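A.B. asks: Structure incoming, see below.
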Amino acid sequence: PVGALFAGSVFMTVTTTGAISLAVADALGFAKEKVGWVVVPFNNSFAPGPKPFDFYITQVSYTPERATAVDLSDGYYNVKQSLVTLKGSALASATTVTELAAYKLGAQVGTTSYTLIVDLIKPTTEPSVYDTNDAAIEALKAKQIDGIVVDLPTADFMTNVQLSDAGGITIGKFDTETGEHFSLVIAKGSPLTACVNQAIGKLTDDGTLAGFVTKWLPFQDSIPAFKP
């Protein structure tokens with residue numbers, strides 16, 4: 001191989017997902033300098049049709065519906081959803097899922113975060129849906145919503161970078177009965193899929209992926225789980 005083109009968000013190369021991407025590339029036989037990056041909107045990544053990338057990595061959870069339009073790799077990270085709000089808000093003291101139902105919540109369109117709001121929290125006020133997490137963040141700052149449901153790695157970036165000046169905090173995570181994992185997105189029927197799964201298997205077996213979680217996401221064990 002002479003080069004690979006991966007897709008994600010603009011901060012991919014300095015996060016755990018960037019490290020995972022380069023580790024997968026190495027396992028596939030691509031040197032670091034042969035890897036290129038493009039930015040692709042989240043919902044476009046798993047929409048039907050040709051792809052401008054070899055694989056996409058931006059916290060895409062596996063769902064059977066998404067798998068009908070694209071190939072989704074074996075899981076590289078088992079993930080939990082979480083809730084971000086601002087310090088001092090009424091929501092910040094909530095500790096149970098039942099309490100959350102009284103608040104105005106938001107999530108990015110097409111995400112499992114939005115599905116969790118509707119199916120698990122079942123809020124009394126219709127949740128807000130945004131094209132991007134950036135738009136949800138602006139709504140939170142403007143107090144148009146009380147909180148944002150996102151996966152834990154995204155919550156970490158939100159609170160420590162995007163909402164650091166506004167007092168963003170992650171108040172809890174959701175322990176659901178069905179597990180959720182992130183997959184790499186690949187064009188439907190691509191011959192690369194089996195190779196990527198083989199690479200993920202190798203990185204799982206040799207402890208590389210677990211090491212990335214320990215290095216980049218140590219905070220997640222300290223986040224309390226919401227009670228029913």
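A.B. asks: Using mean Cβ contacts within 10 Å as the protection proxy, how do 104-112, 201-209 order, highest first?
C.D. replies: Working: 104-112: 21.8, 201-209: 14.2.
Result, highest mean Cβ count within 10 Å first: 104-112, 201-209.
A.B. asks: Spin-label point model (7 Å from Cα, Cβ direction): what's the Glu126 to Val109 distance in nm?
C.D. replies: Label at Glu126, label at Val109, 1.4 nm between them.
A.B. asks: By average Cβ neighbour count within 10 Å, what is the ranking of 42-49, 76-83 from highest down?
C.D. replies: Working: 42-49: 15.1, 76-83: 22.6.
Going from most to least packed, we get 76-83, 42-49.
A.B. asks: Same structure again: Pairs on different chains or at least eight residues apart, Cα atoms closer than 20 Å: how many lysine pairs in the stretch 72-228 fit?
C.D. replies: The number of close lysine pairs in the stretch 72-228 is 18.
A.B. asks: Same structure, new question: As a test of the formula, what do you get for the chain when each DSSP H run with n ≥ 4 contributes -39,500 (n - 2.57) and the sum is divided by the residue count, at 222 nm and rounded to the nearest 500 deg cm²/dmol?
C.D. replies: So the helix-based figure for the chain works out to -7500 deg cm²/dmol.
A.B. asks: So if we plug the beta-carbon distance of Ala142 and His181 into 1/(1 + (r/R0)^6) with R0 = 30 Å, what FRET efficiency do we get, rounded to 0.05? It would help to have the intermediate numbers written out before the result.
C.D. replies: Numbers: r = 33 Å, r/R0 = 1.11.
Efficiency at R0 = 30 Å is approximately 0.35.
A.B. asks: Using 0.36 nm per residue of separation minus the Cα-Cα distance, give me the extension gain between Phe219 and Ala90 in nm, one decimal. Before the final figure, lay out each step's value.
C.D. replies: Details: separation 129, 0.36 × 129 = 46.44 nm, distance 2.34 nm.
Using 0.36 nm per residue and subtracting the Cα-Cα distance, I get 44.1 nm.
A.B. asks: Related question: Given a 1.4 Å probe and every protein chain left where it sits, what share in percent of the accessible area of the chain is carbon and sulfur? The partial results should precede the final answer.
C.D. replies: Working: 5970 of 10850 Å².
On the chain, the fraction of accessible area on carbon and sulfur atoms equals 55 percent.
A.B. asks: Still on this model: Explain nothing, just the number: relative contact order of the stretch 17-96, from Cα pairs under 8 Å at least 6 residues apart, as a whole percent.
C.D. replies: Working: 28 pairs, mean separation 16.4, N = 80.
Across the stretch 17-96, relative contact order equals 20 percent.
A.B. asks: Using alpha-carbon pairs under 8 Å, 6+ residues apart, how would you state the relative contact order of the chain in percent? Numbers along the way, then the final one.
C.D. replies: On the way: 397 pairs, mean separation 65.9, N = 228.
Relative contact order comes out at 29 percent.
A.B. asks: Compare the Cα positions of Val150, Ser89, Ala199 along the charge dipole of the chain (+1 at Cβ of Lys, Arg; -1 at Cβ of Asp, Glu; about the Cα centre) and return the one farthest towards the positive end.
C.D. replies: Highest projection toward the positive end goes to Ser89.
A.B. asks: Kindly report the accessible area of the stretch 22-121 per residue (heavy atoms of protein chains, probe 1.4 Å, no ligands, DNA or RNA), in Å².
C.D. replies: That works out to 44 Å² for each residue.
A.B. asks: Would you mind classifying the stretch 188-228 by shape? Square roots of the alpha carbon gyration tensor eigenvalues, ordered a ≥ b ≥ c; an a/c under 1.5 is rounded, otherwise it is prolate if a/b is larger than b/c and oblate if not. Could the numbers behind the result be given before it?
C.D. replies: Working: a/c = 3.88, a/b = 1.89, b/c = 2.05.
Cα axes put the stretch 188-228 in the oblate bin.
A.B. asks: Which GluC sites (Glu not before Pro) from the stretch 45-152 combine a DSSP loop assignment with at most 11 other Cβ atoms within 10 Å? All intermediate terms of the calculation are to be shown ahead of the outcome.
C.D. replies: Working: sites: Glu65, Glu99, Glu138; in loops: Glu65.
Answer in residue order: Glu65.
The values are calculated or read from the model by the stated rules, or taken from the named source; none is laboratory data. Predicted, not measured: the structure shown is a model, and the values here were computed from it. Note: ideal-geometry Cβ built from the backbone for every residue, glycine included; neighbour counts use all protein chains shown. Surface areas here come from the heavy atoms of the whole protein model, side chains and all, with no ligands, DNA or RNA. Shrake-Rupley method; radii C 1.70, N 1.55, O 1.52, S 1.80 Å.
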